[in-house]
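First the structure, in the form of C-alpha cells, and then the observations on it.
The values are calculated or read from the model by the stated rules, or taken from the named source; none is laboratory data. Everything numeric here is computed off the predicted structure, so don't read it as measured data. Cβ coordinates were reconstructed from backbone atoms using ideal geometry, including for glycine residues, and neighbour counts include every protein chain displayed.
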Amino acid sequence: MKIITVLGARPQFIKAAPVSRVLREKHTEIIVHTGQHYDPNMSDIFFEELNIPKPDYHLAVGSGNHGKQTGEMLQKLEEIVLDEKPDYLLVYGDTNSTLAGALVAAKLHIPVIHIEAGLRSFNKKMPEEINRIMTDHVSEYLFCPTDTAVENLKNENITRNVFNIGDVMYDAVLYNRAIAEEKSTILEENGLSKKEYHLITIHRAENTDDVQIMQNILEAFSKIDTVKVWPLHPRTKNKLASYGIDVNAIPNLKLIEPVGYLDMLTLVSNAKKIITDSGGVQKEAYFMKVPCITVREQTEWVETLEEDANIIAGTSVEKILEAVQKNVSPSYKDVFGDGMASEKIVEIIETQS
Ligand code: UD1
Ligand code: UDP
C-alpha cells in the first residue's frame, strides 16, 4: 500500500513518529511537509530526534492568513497527489495542514485517514474546531483516541469506519520517556530542581491574539512565586513584541526558546504543575501524572478533567491562581489506550485494503 502523509506543525511531527515507524515496516510512505512550521526548533529538531524520515516533498508554504496559507497548501498538494496516486492520504489532528490534506484527497477520491478524529471543543471561534469538523466529514477512516471522540462523531452521524484505538501521543511518550531521561540535560542547563518548578506553554490564537487576555494571563503568572519555565512559542513571542510587553519583568520566570521533544518530556515529567493552553501538553501532563491547569474556557480532552487532574481555569487572574493553588490527588485512569495505537491503525488499514 502507498500512503501520503501530510505534516506541517510541531504536534504532527510528534504524532507521526510512532505511526511512520510501524507503517514503513511493510508499506510505502511518502511524507509531505507543508512548511507551516519552519523554524529549526519547531520542525527539523523533531525529525532528527525522533528519526522521522526526511520529507519527500517540502511545500515551504510558511506563515500567513488562513486563506493564503491553506490555499497555497491545496494548490501544491493537489499536484503531488495527482502525480503520486496514493492508495490513501493520512492526516493528523486539526491544523491548516490537516484540512488542506484532507480536502485535496477527498476531492480526488483518495480515501482520507484521519488520526485524532472526533475531538470537539464546541467552540467554532477556534480555527482548529473548523479544521476538525471539516476533516472528519470528508474522511474515510477515522481513528479516535477516546470514547468521547467516538461519541462526538456519532452525534454528527459519522459511524462508518470509526475506531477507538487509543492515542498515538501516548505511544510516543512510552517510546521516548526512557530515552529522554537518559539524554536530556534541560533541567541542569536551566538550574531547575525536580518538582520545584511550574512549566508554562501558551500559544492558542484565542489567547495570544487578544491583548487583554494576554495581560490577564501574565498578571496571574507574576503572582505565582514558584519558579516558572516557559518555552515560548513563536506566535506568542511575536504577539508579545507587537503589544510591547516584556515578560522578563515577571519574577522567577525562565523564558526559553521552544525545546525538542526529549527536553519537553523531561520538563513535563519533572514539573510540579503545568499551566498550558496546548492540547498535546494537557495529555502529556495526564500521562505523566502531573497536575495541569488549562488556560482556556473548554477542552477537547474531557477525560483529563476527572478529579481535577486538569482544571479548566479560563483566563481570569483569580481563577488561574485558585487552580494553581488547589491541592489535587487524582487517580489517573488508562483512558488513552495501551500505547499500541500505531500498530492498531496500520493493522486496521491493512485489513481494509
Ligand atoms: C498551529 C495550529 C494549532 C497548533 C499549533 C501547534 C492552525 C490554524 N493552528 O498554530 O492548531 O496548536 O500550530 O504549535 O493550523 N511562526 C514562526 N515560526 C514557525 C512557525 C510559526 O515564527 O516555525 C510564527 C509566525 O509568526 C506565524 C505564527 O507563528 O504567523 C503562527 O503560526 P501558525 O502555524 O499559523 O499557527 P500556530 O499558532 O503555530
Ligand atoms: N512541545 C515540544 N517543545 C516545546 C513545546 C511543546 O516538543 O517547546 C511538544 C509537546 O510536548 C507536545 C506538542 O509539542 O508533544 C504539543 O504541541 P503544541 O503545544 O505546539 O500544539 P497542540 O498540541 O496544542 O496542537
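Per-residue answers, yes or no, for (1) within 16 Å of ligand 1 (Cβ to nearest atom); (2) closer than 16 Å to residue 313 by Cβ; (3) at pLDDT 95 or above:
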{"position": "182", "(1), (2), (3)": "no, no, yes"}
{"position": "208", "(1), (2), (3)": "yes, no, yes"}
{"position": "213", "(1), (2), (3)": "yes, yes, yes"}
{"position": "230", "(1), (2), (3)": "yes, no, yes"}
{"position": "238", "(1), (2), (3)": "yes, no, yes"}
{"position": "268", "(1), (2), (3)": "yes, no, yes"}
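Collect the residues in the range 109-140 that are within 15 Å of ligand 1 (Cβ to nearest atom), out of contact with any strand residue (DSSP E or B) (no Cβ under 6 Å at 6 or more places or on another chain) and either among the polar types (S, T, N, Q) or closer than 14 Å to residue 88 by Cβ (or both), keeping them in residue-number order.
Scanning the range 109-140 gives 121, 123, 131.
Starting from residues that are in a helix (DSSP H, G or I) and either more than 14 Å from ligand 2 (Cβ to nearest atom) or among the β-branched types (Val, Ile, Thr) (or both), keep the ones in the range 84-98 and report whichever is farthest from residue 128 (Cα to Cα).
That would be 84.
Conditions (1) away from ligand 2 (no atom under 12 Å from the Cβ); (2) basic (Lys, Arg), marked per residue:
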| position | (1), (2) |
| --- | --- |
| 165 | yes, no |
| 172 | no, no |
| 192 | yes, no |
| 195 | yes, yes |
| 201 | no, no |
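Suppose we filter 32, 6, 19 for residues that are in contact with a Phe, Trp or Tyr (Cβ under 6 Å, 6 or more places away or on another chain), in contact (Cβ under 8 Å) with a residue 24 or more places away in the chain and closer than 18 Å to residue 86 by Cα; which single one remains?
32
Among the residues of the range 1-21, what is the count of those that are within 16 Å of ligand 1 (Cβ to nearest atom) and not in a helix (DSSP H, G or I)?
Qualifying residue count for the region: 4.
Being part of a helix (DSSP H, G or I) and within 13 Å of ligand 1 (Cβ to nearest atom) is the filter; apply it to the range 50-75 and report the residue that is surrounded by the fewest Cβ atoms within 10 Å (Cβ to Cβ).
67
Return the pair list, or none, for Cβ contacts closer than 9 Å from residues in the range 213-233 that are closer than 20 Å to residue 281 by Cα to residues that are of a type in the set (Phe, Trp, Tyr) and more than 16 Å from ligand 2 (Cβ to nearest atom), at least 6 apart or on different chains.
214/243; 228/221; 230/221
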